[in-house]
Amino acid sequence: MDDVKIAHDLTQEIDRVPEPYRMEAFKILLRARLGPSPGLRRDVKDPSATTNFRSPGITFSEFYGSLKPEPRGNPQRFAAVAYFHREHRGEPLVTQSDIRDSFGQAGLSRPQNFPRDVAMATGRKLGLLMAAENRKDGQRAWALTRTGASWIVSVLQNDKARDS
């Protein structure tokens, strides 16, 4: 039986399973659904686990300016926003408001067709974001996928290698 199935079963049997095991099971489920997050132990195989790009007090505008090559199109920009929120603000989910605010801070034009761009970012072809089951601040929310995190990390590593 795989870890996720065992973890799911453990979270369902509240009366039978001691608290420490339920918490570990819950962490396994979160990692399986959302990928790694700042609050959870990261899997070493995850490329974002081996990087250290956190900068206290960095703004999205500064972060976005450090991406070379610059993200092409709104789906890649959405992934950059989600990565920034997850890695620099400790927020694993982003909303449409978060994305629009970040675009404004970076001087980017606001998305004209947000539903289409989100569909592209969450679609099979790109797979940079995934819809979250829970809402954030009463709005639909999205989380960065491992694919999205890998893409951002590769852009950051390319830029870091170019500077050396």
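The values are calculated or read from the model by the stated rules, or taken from the named source; none is laboratory data. Note that this is a predicted model, so its numbers are computed, not measured. Neighbour counts are summed over all protein chains in view; Cβ atoms, including those assigned to glycine, are modelled from backbone coordinates with ideal geometry.
Close contacts from the stretch 79-97, counting a first residue that is more than 10 Å from Leu144 (Cβ to Cβ) and a second that is in a helix (DSSP H, G or I) and charged (D, E, K, R), with Cβ to Cβ under 9 Å and a gap of 6+ residues or different chains, come to Glu91/Asp98. Taking the criterion of being modelled with pLDDT of 90 or more and in contact with a Ser or Thr (Cβ under 7 Å, 6 or more places away or on another chain), would at least one residue in the stretch 70-77 satisfy it? No - not one qualifying residue is present in the stretch 70-77. Please tell me if Ala121 is among the hydrophobic types (A, V, I, L, M, F, W, C) and either at pLDDT 95 or above or surrounded by fewer than 18 Cβ atoms within 10 Å (Cβ to Cβ) (or both). In short, no.
Take the residues in the stretch 126-141 that are modelled with pLDDT of 90 or more and within 16 Å of Gly73 (Cβ to Cβ), then tell me which one is surrounded by the fewest Cβ atoms within 10 Å (Cβ to Cβ). The selected residue is Gly127. Summed over the stretch 61-113, the residues that are under 19 Å from Asn158 (Cβ atoms) and charged (D, E, K, R) give a count of 6.
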